[in-house]
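K.L.:
The structure under discussion is supplied below as structure tokens; questions concerning it will follow.
Values quoted throughout were computed directly from the atomic coordinates according to the rules given, and no laboratory measurement underlies them. Every value quoted in this text rests on a predicted model; they were computed, and no experiment measured them. Note: ideal-geometry Cβ built from the backbone for every residue, glycine included; neighbour counts use all protein chains shown.
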Amino acid sequence: MILPDARPVQYSRTTITELMIPSYANFGGKIHGGILLSLIDKVAYACASKHAGNYCVTVSVNDVEFWQPVEVGDLVSLHASVNYVGRTSLVVGIKVIAENVKQGTVKHTNTCYVTMVAKGDDNKPTEVPELILETKDDVRRFIEAVRMRAIKRMVKEQLDDVKSTVEVAKAKEILKEERCRITYEI
Ligand SMILES: CC(C)(COP(=O)(O)OP(=O)(O)OC[C@H]1O[C@@H](n2cnc3c(N)ncnc32)[C@H](O)[C@@H]1OP(=O)(O)O)[C@@H](O)C(=O)NCCC(=O)NCCS
């Protein structure tokens, strides 16, 4: 198939809805975080590959925080859209909603961002179509993604710096307020 140069956000917008069955629950009776992570990865793949017109792989998942528990019996919907495209990468934004159909209540449990990369038949990253921004929200999300990428790059540089400068020899001083015990002679 010949890929178009550009596709609108609307073209690949995807929703998955799944019933939370008892086998998804943890010992506390709430839904395992891993079940939701798997659904997030699935909807991100569906959305990204539709835009890309190619297989995609997950590179990173950002901002996964579960604000409220999801219950057995809830209907969970994951709304995904492409927020940003680079040359071969895409950022998919996913809003997760849990609905209790009996009580008629809806909880927004989290929003997260998955970076995917499109792969060609040679298994190498391949170019994706540009993104056509048709609404104010499309434009806002694209700008947010550009800024988030810049922040992520900065944080990564700082983390690399922290990792390369950890002073284990000064651990007693550095960790004196922390809840840990060092059981060997430094
Ligand atoms: C992600 C992957 C394709 C990058 O390959 P690479 O040879 O480094 O390719 P490139 O340097 O050309 O990068 C490709 C794109 O990935 C982006 N990228 C690479 N690492 C990234 C990261 N940590 N975070 C965000 N984007 C990243 C690059 O910015 C580039 O995007 P662009 O083309 O839009 O500018 C490669 O590392 C890979 O295949 N990883 C395994 C992914 C996978 O299998 N996931 C499933 C886990 S089971």
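K.L.:
Which whole-Hz ³J(HN,Hα) couplings does the range 8-15 yield from phi under the Karplus relation 6.51 cos²θ - 1.76 cosθ + 1.60, θ = phi - 60°, glycine and proline marked x?
P.N.:
Whole-Hz 3J(HN,Hα) from phi for the range 8-15: x, 3, 4, 4, 10, 4, 9, 10.
K.L.:
Taking the Cα centre of the range 84-148 as origin and charging only Cβ (+1 Lys, Arg; -1 Asp, Glu), how large is the dipole, in debye to the nearest 20? Please list the in-between numbers first.
P.N.:
On the way: 10 positive and 9 negative charges, 74 e Å.
Value, rounded to 20: 360 debye.
K.L.:
Comparing A80, A171, A44, which has the greatest mean-square fluctuation in the GNM of the chain with Cα pairs linked when under 10 Å apart?
P.N.:
In the Gaussian network model the winner is A171.
K.L.:
The range 17-95: which trypsin sites (Lys or Arg not before Pro) are DSSP loop and have at most 15 other beta-carbon atoms within 10 angstrom?
P.N.:
Numbers: sites: K30, K42, K50, R87, K95; in loops: R87.
Passing sites in the range 17-95 are R87.
K.L.:
Please list 3J(HN,Hα) in residue order for the range 113-118, calculated via the Karplus relation 6.51 cos²θ - 1.76 cosθ + 1.60 where θ = phi - 60°; whole Hz, with x for glycine and proline.
P.N.:
10, 10, 8, 10, 10, 7
K.L.:
In addition: Helix 136-164 against the longest principal axis of the chain: what's the angle in degrees, Cα atoms only, rounded to the nearest 10?
P.N.:
Helix 136-164 and the main axis of the chain meet at about 30 degrees.
K.L.:
For V70, list long-range residues whose amide hydrogen, built 1.01 Å from N in the peptide plane, is under 5 Å from its own amide hydrogen.
P.N.:
Here I31 satisfy the definition.
K.L.:
Tabulate in residue order the Karplus-calculated ³J(HN,Hα) for the range 25-30, using 6.51 cos²θ - 1.76 cosθ + 1.60 with θ = phi - 60°, rounded to whole Hz; enter x for Gly and Pro.
P.N.:
So the Karplus estimates, Gly and Pro as x, are 8, 8, 5, x, x, 9 Hz.
K.L.:
Residues with amide H under 5 Å of A6's amide H, sequence separation 5 or more or different chain, H placed in the peptide plane at 1.01 Å from N; which?
P.N.:
HN-HN under 5 Å from A6: E130.
K.L.:
Something else: Give me, ordered by chain and number, the residues 5 or more places off Y55 or on other chains with an amide H under 5 Å from its own placed amide H.
P.N.:
K119
K.L.:
Within 10 Å, count the other beta carbons around each residue, average over each peptide in 59-69, 126-136, and list them highest first. All intermediate terms of the calculation are to be shown ahead of the outcome.
P.N.:
Values: 59-69: 12.7, 126-136: 15.9.
Result, highest mean Cβ count within 10 Å first: 126-136, 59-69.
K.L.:
Now for a separate question. Mean-square fluctuation check for the chain, GNM, Cα pairs under 10 Å: which of I40, I174, I21 is largest?
P.N.:
Top of the fluctuation ranking is I174.
K.L.:
Is there a quick way to get the dipole size of the range 6-133? I mean about its Cα centre, with the Cβ of Lys and Arg at +1 and of Asp and Glu at -1; what is the value in debye to the nearest 20?
P.N.:
Values: 11 positive and 11 negative charges, 30 e Å.
That gives a dipole near 140 debye.
K.L.:
What is the Cα centroid distance between the range 111-128 and the range 149-165, reported in whole angstrom?
P.N.:
Here the answer is 23 Å between Cα centres.
K.L.:
I've got another one for you. Using Cα pairs closer than 8 Å and at least 6 residues apart in sequence, work out the relative contact order for the chain, in percent. Mind dumping the intermediate values first?
P.N.:
Numbers: 311 pairs, mean separation 43.3, N = 186.
The normalised contact order for the chain reaches 23 percent.
K.L.:
Could you check which residue among G53, G29, G86 shows the biggest mean-square fluctuation in a GNM of the chain with a 10 Å Cα cutoff?
P.N.:
G29
K.L.:
Then there's this: For the chain, what does the helix formula give at 222 nm: sum of -39500 (n - 2.57) over DSSP H segments with n ≥ 4, over the residue count, nearest 500 deg cm²/dmol? Please report the intermediate quantities before stating the final value.
P.N.:
On the way: 4 runs with 57 residues, N = 186.
Taken over the chain, the calculation gives -10000 deg cm²/dmol.
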